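**Student:** Take a look at the following structure, please.
The values are calculated or read from the model by the stated rules, or taken from the named source; none is laboratory data. Values in this document were obtained by computation on a predicted structure and should not be read as measured data. Ideal geometry is used to build each Cβ from the backbone, glycine not excepted, and the neighbour counts take in all protein chains shown.
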Amino acid sequence: MSFYDLPAEMEEHAKAVHGDAFIFDGAVSVMGFHIEEETEIQAFLDGGVSGGNISLATSETDFAIAIDNISKIKRLIDRNSKTTALVVSAADLMECKRAGKFGMVIHFQNTTPILDKLDYLYTFYDLGLRVLQLTYNTQTFVGAGCCERVDGGLSNFGMEVVEESNRLGLLLDVSHCGHTTSWDAIKHSKKPVTATHSGVYTLARSYGRNKPDDLLKGIAETGGILGIPTQPCFVKRDPDTHVVQQATVDDVLDQIDYAVNLMGIDHVGFGSDMSNYAARTLDPPRDSNIRLVREKRPDVFGVGPTDKYDPFPIGLDNHGKMLNLTRGLIKRKYSDEDTKKVLGGNWMRIFKEVWGG
């Protein structure tokens with residue numbers, strides 16, 4: 001379903017660019033895969049999405065739970081081997097594009113699974129981990145999350161985690177990190193640092209989760225990427241009351257425009273932080289930030305209901321509607337090359353640089 005009423009020639013052009021592009025989502029919620037796995041997978045295929053970072057560790061994830069989560073996603077991939085694949089290299093992603101599959105990149109949104117043991121980082125790398133967020137919302141052995149009262153930055157152990165991630169080829173993520181922790185990662189890392197699913201603070205004032213201009217520039221200077229989300233509380237809210245407002249795909253594009261103008265076209269991508277199941281049902285899991293953290297930190301997660309998700313952006317509330325993002329970029333006069341960069345080309349560049357190959 002088209003959100004835009006484009007002239008016929010522009011519509012055909014958008015479809016051609018979309019079909020040719022490598023499309024990647026920097027942050028995908030795993031929930032829908034465990035509830036409606038075939039329906040969830042089909043949405044990515046319908047939208048032409050060739051890969052995504054699949055979140056397998058958040059606030060409550062310890063070593064054993066992380067192992068179990070990896071086992072479950074690998075079993076799911078085995079059951080759906082004709083439509084999905086485990087991704088551990090850039091070449092794997094290109095093969096997914098060629099074969100019309102959805103490639104799953106194992107993404108931890110927290111370092112709690114490794115506890116304070118650097119050896120566990122090697123273990124998870126061997127199991128397929130390729131993207132590592134340093135902290136979630138709270139304090140860990142590594143550093144401070146975006147909801148902590150005091151952000152002391154990376155610990156000594158956190159510095160070691162950054163160094164070993166660089167050496168192994170793990171892409172670092174600071175989406176949920178406190179600002180000082182994020183800056184420490186930016187300054188200490190020898191490889192690009194990303195915010196896989198954070199928005200622009202100037203446009204939607206979510207403290208910590210959306211990044212201020214200076215931090216966005218810092219990410220770009222590492223060669224990293226900002227993944228613009230569709231999670232409603234990071235897309236559009238009242239700047240004074242934090243009440244979450246109904247957004248559309250145009251609001252997502254406004255954030256892309258702002259980030260491109262500030263960071264450069266090579267440093268902006270897409271990171272929905274969305275489950276298609278959740279976007280359809282608005283049913284958050286028991287451990288969601290909406291249920292557990294929103295009332296304590298409305299400055300981070302917005303003001304709104306705590307028993308259901310806010311409605312996702314109209315026109316971009318399902319991965320099957322990704323063509324609307326392409327239509328919007330073309331309508332805003334992005335070149336074909338720049339459109340492809342935002343859709344996934346920038347992710348591919350950074351994966352080649354960090355993972356090798």
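**Student:** So Ser288 ticks every box in (1) surrounded by fewer than 22 Cβ atoms within 10 Å (Cβ to Cβ); (2) within 17 Å of the chain's Cα centre (by Cα); (3) closer than 23 Å to Gly48 by Cα but one. Which box is left unticked?
**Tutor:** That leaves (3) as the condition not met.
**Student:** What's the total number of residues in segment 224-253 that are among the charged types (D, E, K, R) and crowded, with 21+ Cβ neighbours inside 10 Å?
**Tutor:** Looking only at that region, the number is 3.
Residues are listed down the side, and each one gets a yes or a no for (1) touching a helix residue (DSSP H, G or I) at 6+ places or on another chain (Cβ under 8 Å); (2) surrounded by fewer than 24 Cβ atoms within 10 Å (Cβ to Cβ); (3) at pLDDT below 95; (4) at negative phi:
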site: Phe141; (1), (2), (3), (4): yes, yes, no, yes
site: Ala144; (1), (2), (3), (4): yes, no, no, yes
site: Ser155; (1), (2), (3), (4): no, yes, no, yes
site: Met159; (1), (2), (3), (4): yes, yes, no, yes
site: Leu171; (1), (2), (3), (4): yes, no, no, yes
site: Cys177; (1), (2), (3), (4): yes, no, no, yes
site: Thr180; (1), (2), (3), (4): no, yes, no, yes
site: Pro192; (1), (2), (3), (4): yes, yes, no, yes
site: Asp214; (1), (2), (3), (4): no, yes, no, yes
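**Student:** Hey, can you tell me all the residues within segment 37-69 that are over 20 Å from Cys177 (Cβ atoms) and charged (D, E, K, R)?
**Tutor:** Glu37, Glu38, Glu40, Asp46, Asp68
**Student:** Sticking with this structure for a sec: Only one residue in Lys101, Lys82, Lys72 is touching a strand residue (DSSP E or B) at 6+ places or on another chain (Cβ under 8 Å) and of a type in the set (Lys, Arg), so which one is that?
**Tutor:** When all the criteria are applied, what remains is Lys101.
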